[in-house]
Amino acid sequence: MVTAELAVAIPSVVLVLALCLVAVQAAIDQIRCIDAARIASRAAARGDDDGRVRSLAAQAAPSGARVAVTGGGGAARVTVTARTGGWGVLPGWDLEATAETPVESGSSGPSGRPGRSGP
């Protein structure tokens, strides 16, 4: 009698644990997307070139993340999107984070030049 109950309970516990691990990984990846968007947005606002901005975002973002850099209206906007989870039959999520930073004086924004005026 106990054997039949364990045969049902153990796979259920393993499935719940796997779902919890996927959820924790999604939360970690969301935080990494937010951090990457903030870092890249600040770099774009101070006038760094687009290649450097994308490189900074890629270093902080989860692997396989996509980075979009836009500017206009006196602000630099960076959007980082990534896909997480999806281990076999477990669900996955599309994650997205956007950060917008006002362009610093003396800088022409994410796509313009002259770049940074400091060291």
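Filtered by the rule that a residue be touching a Gly at 6+ places or on another chain (Cβ under 8 Å), farther than 30 Å from LEU90 by Cα and among the hydrophobic types (A, V, I, L, M, F, W, C), the range 18-62 gives ALA44, ALA45.
Given the criteria basic (Lys, Arg) and farther than 24 Å from GLY85 by Cα, does ARG32 qualify? Criteria not met by ARG32.
The residues of the range 66-92 that are farther than 30 Å from SER105 by Cα and among the aliphatic types (A, V, I, L, M), listed by number, are ALA82, VAL89, LEU90.
Contact map, the range 42-60: residues that are surrounded by fewer than 20 Cβ atoms within 10 Å (Cβ to Cβ) paired with residues that are part of a helix (DSSP H, G or I) and not charged (D, E, K, R), Cβ distance under 6 Å, separation 6+ or inter-chain. Pairs shown: ALA60/ALA36; ALA60/ILE39.
Values in this text are rule-based calculations from the coordinates and carry no lab data. The model shown is predicted, which means the values in this text are computed figures rather than measured ones. Here the Cβ is made from the backbone with ideal geometry for all residues, glycine too, and neighbour counts use every protein chain on show.
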